[in-house]
Amino acid sequence: RREQDLLGKRILVTAGPTHEDLDPVRYLGNRSTGRMGIAIAEAAAARGARVDLILGPTNLSTTAEGVQVLAVRTAREMHAASVALWPKANAAILAAAVADYRPKNVAKQKIKKKEGALSVELVRNPDIAAELGQDKKSHQRLVGFALETNDELVNARRKLVSKNLDFIVLNSPSDEGTGFGHTTNRVQFVDATSVKPFDLKEKTAVADDILNELVTRF
Ligand code: C5P
């Protein structure tokens, strides 16, 4: 039995991709599997937390005791569920790969092909992290992820401030064995004044590193 260092805490976790509909059969999506967020949810529950896992469309899920799974499809559904649960949470860990944009119009019927190019207008989705950060109370902690291809530290710190996060889990997509589709990840924890690098390890172990950091910040 694990140390119950999250006993009495309620933790919100977002995970997986979102699907943004184009028409009744097509969507824009991304390659997130949800594996990192599911690992965090399971580890937090094993350490005594009550976990709400808001999970985008993916093949992976969890039946772990202490994890309540809420399946959503779109960024707007994930946003609505997150905003509703945030006031009850002691912390949120936002591991989802939320689509920044969605098609402005969802065609009621399947879009037919025709000659020439097709343009789709996209509009911005709500930024869940930023909104939770805006409403964050002094007893709440907020953890975000960042995947940057360039100027990673500068960009991560910018996000830390703009979304009012307590720390960011930074991973680089160029690293061998990290990110989408892998069972391993190499991360750095970034806050305003420090950077903590970690070795490449299983996402289940990364999950515990993240929760260790969170526990020190309560
Ligand atoms: O701005 P960027 O997408 O790089 O920020 C990544 C962090 O913000 C992740 O923690 C992600 O889950 C969260 N996010 C969000 N809602 C969005 C976009 C990102 O919660 N619409």
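Residues in the range 113-127: is at least one of a type outside the set (A, V, I, L, M, F, W, C), at pLDDT 95 or above and part of a helix (DSSP H, G or I)? So far as the range 113-127 goes, no, none of its residues is of a type outside the set (A, V, I, L, M, F, W, C), at pLDDT 95 or above and part of a helix (DSSP H, G or I).
Can you spot a residue in the range 6-16 that is small (Gly, Ala, Ser) and either farther than 24 Å from THR183 by Cα or without any contact (Cβ under 8 Å) to a residue 12 or more places away in the chain (or both)? Yes, the range 6-16 contains a residue that is small (Gly, Ala, Ser) and either farther than 24 Å from THR183 by Cα or without any contact (Cβ under 8 Å) to a residue 12 or more places away in the chain (or both). Selection of the range 2-19 for residues being open to solvent by less than 10 Å² (accessible area, probe 1.4 Å), aliphatic (A, V, I, L, M) and more than 9 Å from ASN90 (Cα to Cα) yields LEU6, VAL13, ALA15.
Across the range 130-173, the number of residues qualifying as in contact with a helix residue (DSSP H, G or I) (Cβ under 8 Å, 6 or more places away or on another chain) and aliphatic (A, V, I, L, M) comes to 9.
Starting from the range 90-119, keep only residues that are in contact (Cβ under 8 Å) with a residue 12 or more places away in the chain and over 22 Å from LEU165 (Cα atoms), then list their pairs with residues that are open to solvent by less than 30 Å² (accessible area, probe 1.4 Å) and within 16 Å of the ligand (Cβ to nearest atom) whose Cβ atoms are within a distance under 6 Å, requiring at least 6 positions of separation or different chains. So the pair list comes out as ARG102/GLU20; ARG102/ASN125. Whether any residue in the range 113-129 is more than 16 Å from the ligand (Cβ to nearest atom) and either open to solvent by less than 60 Å² (accessible area, probe 1.4 Å) or closer than 25 Å to VAL169 by Cβ (or both) is what I want to check. No: zero hits. For the range 67-112, a residue qualifies if it is within 12 Å of the ligand (Cβ to nearest atom), hydrophobic (A, V, I, L, M, F, W, C) and crowded, with 19+ Cβ neighbours inside 10 Å, and the qualifying residues are ALA75, MET78, ALA81, TRP86, ALA92, ILE93, LEU94, ALA95, ALA96, ALA97, VAL98, ALA99. Here ALA64 meets the list (1) aliphatic (A, V, I, L, M); (2) under 24 Å from ASN212 (Cβ atoms); (3) crowded, with 18+ Cβ neighbours inside 10 Å almost entirely, failing just condition (3).
Has the range 196-212 got any residue that is part of a strand (DSSP E or B), touching an Asp or Glu at 6+ places or on another chain (Cβ under 9 Å), among the charged types (D, E, K, R) and open to solvent by 50 Å² or more (accessible area, probe 1.4 Å)? For the range 196-212, residues part of a strand (DSSP E or B), touching an Asp or Glu at 6+ places or on another chain (Cβ under 9 Å), among the charged types (D, E, K, R) and open to solvent by 50 Å² or more (accessible area, probe 1.4 Å): present. Residues satisfying the criterion are absent from the range 145-152 (criterion: open to solvent by less than 20 Å² (accessible area, probe 1.4 Å), within 16 Å of the ligand (Cβ to nearest atom) and polar (S, T, N, Q)).
The values are calculated or read from the model by the stated rules, or taken from the named source; none is laboratory data. Since the structure is predicted, the reported quantities are computational estimates derived from the model, not experimental observations. Methodologically, a virtual Cβ is constructed for each residue, glycine included, from the backbone with ideal geometry; neighbour enumeration extends over all protein chains shown. Protein only, heavy atoms only, side chains kept; ligands, DNA and RNA dropped before computing areas. Shrake-Rupley method; radii C 1.70, N 1.55, O 1.52, S 1.80 Å.
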